[in-house]
Each structure stands twice: as structure tokens, then as C-alpha cells.
Amino acid sequence: MIHIPAVPQGAFPDAWRQCVGTGRLDLALRHDYQRSLRLLQRDIGFRYLRGHGLFSDAMGIHRPYDWQGTRHVQHSFTYADQVVDTLLDAGIRPFLELGFMPSGLASGDDTVFWWRGNITPPADHKEWAALVRATLTHLIERYGLDEVRTWPIEVWNEPNLPMFWLNTDEKAYHRLYEITAHTVKEVDADLQVGGPAISPGADEWLTGFAEFADRRQVPVDFVSRHAYSSGPGQHVPFGTHQTLAPASDLLDQFAAPHRVLKGTSLAGLPVHITEFNSSYCPDNLIHDTAFNAAYLAPVVTGGHAHADSFSYWTFSDVFEEAGVPTALFHGGFGLLTHRQLRKPTYHLYAFLARSGEELLARGDDHLVTRHRDGRVTVLAWAPVDASGETPGPEGHTVRLSLPVGAGQWAFLRRSSVDDERGNAYTAWRHLGSPRSPKPAQLDVLHEASEPAHTHARVPLTEGRADLTLTLARHEITLAELTPVVDEAPPWWDEGRLLGRQPTSP
């Protein structure tokens, strides 16, 4: 039995809620995307949303034209306004990633993804600067300077990878960053700009970025990096299998910027992990499983010790980097499938959203918090074997002595998700993996995605409840305990209720 102290360690940091990822930004114009976003914000309530493609052709911002033999550029914000309006209406702000290159400004034809984001440097850096300046100026005019100052501005995405930045030219990225950062600060000195948004395994780029920023006196307000823990992809048609490192590897990656940048001019800056997940492939079915939720639980509950934010990639399977999905469950990054089916990892975040403001304890398999009204919450998870060589323990037990408060009883509400419960993926497999489920099947899947709920009374001894949670394989569970104020009249005799045991409380 683990004795949980009544005195809190302090506030429970909610860096886990600071940001979440999305597919390219123009997807926000779609009805199913908007429905998913509203559900996400109702149940979880993220603060920022980061996605690709602000400057890609589908957003239509950069519009070159010829007039009387002279080239001109018009900056059009028809779609940008609709996208940002959609986000703000849903209660979430944009984390602006500046990219990819508009085709009318690009120095080449190299692209990435099914939707062809251009990955080449600008043919004219002055025109790029004008694009950045016009976009930020417009956003400030429309949404107000105080509002836009709260939106972080990240320059490009994973320039260390050839699929995202032509020839992974580090000097060319530094030049792009320098011009962009100075342009941002010319618009307003208090706008926050940063980078280099590198992928795992390229921390030498952080050192080079710090040396460049120091040498050139380039403004950097935050440092960004990505984190994934999967090995090389083993591809099958419309799918990928991968190995996974232990979840602690993700926390090591979260901590890397502070470790690598120690002693540099960028030491101490905020660190944003602007993408993270288990697998970096948008067609790995691990994303759809309870294993993924239990695997990531120690990361999501402990990442605040290493980074100011860590953005789950992504909130929805409305995505399309690898093309239009061929089935409802296809291994997409999303917390939600198309048609708003909640995956187990969605419930991990939704459970966290019900946690309290005070941190009482955190262990290898549990997180204990307390609300200001006295309600105590326990988020617990079954350990997983990241190698997949063993299926994980069946019947993992967490025993806690919890400070709940005065009285004789506490009300216990427990919500659970595992391989069978709260698991639409498992139900989908039982249905025969229908690629396009019929309406009645969708009803079944939505029902299956609801966590299992149980309710009970727990006796209190000197203000404490002894709680034993036995977890199924890959289970995550949220236990909420509230002191009971019994308002039953003194003449009520539960033992006289037909079918009830006289000893029932």
C-alpha cells in the first residue's frame, strides 16, 4: 500500500494540454474536421493547434500575377481567415508553423506528401519576407495585437530531413530562419519566434542553431524539437509495422534540448516538443490501440519535467499526408478517427482533463491529484512491454492510501479503457474490419468507444480511503473519489428495500 501524502507537492503542470497537432491547415474547412475539433475541446480543451501548410498553395495566400508586363504578388487571406476563425470559435489558438513554400515563390518543384507541400527554399528571400510580413500584419489587424502576441511562430518543419527541406541544407535553413525572425520582430518585437523543429536523431542541429543565432545575433524566443520512439518501418500495403523503444526514450528526447543547449546562448529558453507520438507513420495500427494509451501514459503524465509543451501528433485522422485513408481504422495519428470515434489514447487525455489542480503523487504506474473542492483523482495504467515480446501483465494491481477528507464514506467513480472496454478498434475487428461501416455499425462502434464506468462507496478511516485497483492488460483507468454527504432521512432503512442486503451501505 502506497501512502499518498495529504500535503500537495505543488500545482500539477498541464504542459500536456498546451498544444496538439493537426494535418494541413486547410482541412479545418471540412465539416468532419470541425465536428472532431469541437468534441476534442469539449472533452479535453487544448490551448494551441499546430499544423503544416499555412503557406502551401491550398491556402491560397501567395498569389503572383502579371499586370502590364510586370510581376506582382497579391496576398489573399480568404481561407486563412476561415481557418483561424474556426479554431478560435472552438476555443483553441494557432501555433503558427511557417511553411511550406508557395509554388509561385519556390526555387524548385520538389514536394512532400500526397498533397504536395513544396520543400524548396524561396527563389526570392525578399518576397518570402514580404509574405511573412503581410500575413502577420493581416492577422494582427483582424484579431488584435494582444491576441496574436500569444501565438508562437515556428519557422519550417524538420529541415534536417530531405523529405522536408531540399538537400537538408543547414546553412540555407539558417538563412531562411534569420530573414523570417527579423521580419517577425519588425512587425512587432513581442511576437514569439523559434525553431528549428527538428526530428529525432539530429540534435547536432540544435548546437549549430545556437552557434548561428549567437554569431548572427538572430532572435530566438523558444526552441522546438520532435519526438518519436519507433524504429524503421516494415511496410505492407496500406500499413506499417515498427518496433518501439521504451517510453522513457520519449522523455529523454523531451529533455534533449535543455541538455544539448546547456552553456549556449539558447540555454534556458522555453522548449516546445511540437510533435510526438509512438510511431511516426500515419498508417501504423498501434495508434488505434489501448497499448498506445498505456504506453504513452507515463510520458503524458511526466513530460512537464522536461518541456514546456509536448504536442500529440495529431488530434484527428482527418489528415491525408499518405493519401485518403482506405479504411475507418487505418493506423492514423489521430486521437479521433473519421466520424469522431474516440480511440483509447483520446481517453488518456480526457481522463487527464478530469484531474485536479494539485499534484499529490506520481509513480511508475499512477498519478494522484486533488481538485480545489476536495475531490481526489487517480489515473493509473498497466505497464507495457515496448518490445512486444510479452503481452503485458494481466491483473496489474495499484494499492493506494488516499487522503480524501472527513466523513465515513467516499463515492468512487471509476472509468476504464483496455483491449476490450472503451475500445472501438477491437469492436471494429470483431465486426470484420469494415472499411466503410454502415450507419448501424457506426452506432455500435460509438457505443464501444465509451469507457466502462463503475460506481461504489469506499469507507474512510481517519479521512483516508484504501483503494485497490486491479488493471487488465493495457488498461488505463481514472478513479475519482468524493467525500459523501449523506442526505438520506433518518427513517430510511435500506435493508427493507426488496432485494437489498441489510448490510448494504
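The values are calculated or read from the model by the stated rules, or taken from the named source; none is laboratory data. Everything quoted here is computed from the prediction, not taken from an experiment. Because the Cβ atoms are built from the backbone with ideal geometry, glycine has one as well, and the counts that use them run over all protein chains shown. Keep in mind that these areas ignore ligands, DNA and RNA; they rest on the heavy atoms of the full protein, side chains included. Shrake-Rupley method; radii C 1.70, N 1.55, O 1.52, S 1.80 Å.
One table, with the values for the structure above:
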item: Prolate/oblate/rounded label for the stretch 348-410 (Cα gyration tensor, a/c 1.5); result: prolate
item: Filtered GluC sites (Glu not before Pro), the stretch 386-441: DSSP coil and at most 13 other beta carbons within 10 Å; result: GLU389, GLU394
item: Relative packing of peptides 94-107, 401-414 - highest average C-beta neighbours within 10 Å first; result: 94-107, 401-414
item: Tilt relative to the chain, helix 204-216 - C-alpha long axis, 0 to 90 degrees, to 10; result: 50 degrees
item: Sparse-neighbourhood loop sites, chymotrypsin sites (Phe, Trp or Tyr not before Pro) in the stretch 4-88 - DSSP loop, at most 16 other Cβ within 10 angstrom; result: none
item: The stretch 347-505, accessible area per residue, ligands and nucleic acids excluded (1.4 Å, Å²); result: 52 Å²
item: Using alpha-carbon coordinates, inclination of helix 344-353 to the longest axis of the chain, degrees; result: 80 degrees
item: Loop-located trypsin sites (Lys or Arg not before Pro) in the stretch 194-299 whose Cβ has at most 12 other Cβ within 10 Å (DSSP); result: LYS262
item: Built amide H within the under 5 Å cut-off of ALA106, gap 5+; result: ALA123
item: The stretch 93-163, relative contact order [Cα under 8 Å, separation at least 6], %; result: 42 percent
item: Cα gyration tensor category, rounded, prolate or oblate, for the stretch 370-497 with a/c compared to 1.5; result: oblate
item: Extreme residue, positive dipole direction of the stretch 376-454, given options GLY405, LEU379, SER416 (C-beta unit charges); result: GLY405
item: C-alpha long axis of helix 248-260 to longest principal axis of the chain, angle in °; result: 40 degrees
item: Average projected area [Cα convex hull, the stretch 307-369], square nanometres; result: 5.8 nm²
item: Most to least packed among 300-312, 447-459 [average Cβ atoms within 10 Å]; result: 300-312, 447-459
item: Angstrom value of the Kirkwood radius, inverse mean 1/r, which spans all Cα pairs in the chain; result: 24.4 Å
